[in-house]
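Read-outs throughout are calculated quantities, based only on the coordinates presented, and are distinct from any laboratory measurement. These numbers were taken from a predicted model, which means no experiment stands behind them. A quick note on method: Cβ atoms are made from the backbone with ideal geometry, for glycine too, and the neighbour counts reach across all protein chains shown.
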Amino acid sequence: MGRDDSIDNPAVALTETIDPSLMAGPFAEYSESSLFLDGDEVALKLTAYADTSGVHDGVAATLGATYALPLMIPWRFEFELETTYVNARYMDTYFGVTEADALTSGLSRFNADSGFRDVTFAANIGLFFSPKWGLFTRLSASQMTADAKKSPITQSGDSNQYFAGLGIYYRF
């Protein structure tokens, strides 16, 4: 989503701003039903994407696995585990500290290299009101890894990232 001076961390707020980027690319998924329990679902997902906005010209790939429990309709409960690998351009844009950033922020100079950015575990709970409409909530916890975790930007904050969200399903 980029980075601007509205960041709560005073040192990171003094680093150069990063415009929001637009990432695009292919997505593939393979799923099997009733693998462990009658009505469950296991899915393996691979997404590859690249910066199309010229912000960092980086690329990334996310590999994930999802397990959906066989609950009574209208409920759906899923567990997800995923990791994202990013190249050096992506990693250095978001986790590197340039010489200019080091001077203005007091953070140590840091060149971030390619690697696995994070590992994420998530739980999704969905409630369908009709065959097309429903609500869901997502709770996730991510642990930064590799240079994303070693970065002075992360070390001045927290290498654990949490997310909670609500959304609407629409199937067509």
### Task
Could you work out the Rg to Rh ratio of segment 20-102, with Rh taken as the Kirkwood radius (inverse of the mean 1/r over all Cα pairs)?
1.18
### Message
Quick check on the chain: what does the Kirkwood estimate of hydrodynamic radius come out to from the alpha carbon pairs, in Å?
### Response
18.0
### Message
One quarter of the convex hull surface, Cα atoms only: what value does that give for segment 1-63 in nm²?
### Response
6.6
### Task
Calculate the radius of gyration of the Cα atoms of segment 107-172 to one decimal place, then report Dmax, the largest Cα-Cα distance, as a whole number, both in Å.
17.2, 54
### Task
Determine, for each peptide in 160-166, 67-73, the mean count of other beta carbons within 10 angstrom over its residues, then list the peptides with the highest first.
67-73, 160-166
### Summary
Exposed trypsin sites (Lys or Arg not before Pro) being those in a DSSP loop with at most 13 other Cβ atoms within 10 Å, the longest stretch of the chain free of them is 1-108
### Summary
Hull volume per residue for segment 80-124, using the convex hull of the C-alpha atoms, in Å³ is 87
### Query
How about residue 149: which aspartates and glutamates have a C-alpha closer than 19 Å to its C-alpha, ignoring those fewer than 8 places off in the same chain?
8, 82, 92, 101, 113, 118, 158
## Note on the structure
Here segment 59-64 yields Karplus 3J(HN,Hα) values (6.51, -1.76, 1.60; θ = phi - 60°; whole Hz; Gly and Pro given as x) of 10, 8, 9, 10, 10, x
#### Entry: segment 1-89, relative contact order in percent, only Cα pairs under 8 angstrom and at least six apart counted
21
### Summary
From DSSP H assignment alone, runs of 4+ in the chain each adding -39500 (n - 2.57), the sum over residues rounded to the nearest 500 puts [θ] at 222 nm at -3500 deg cm²/dmol
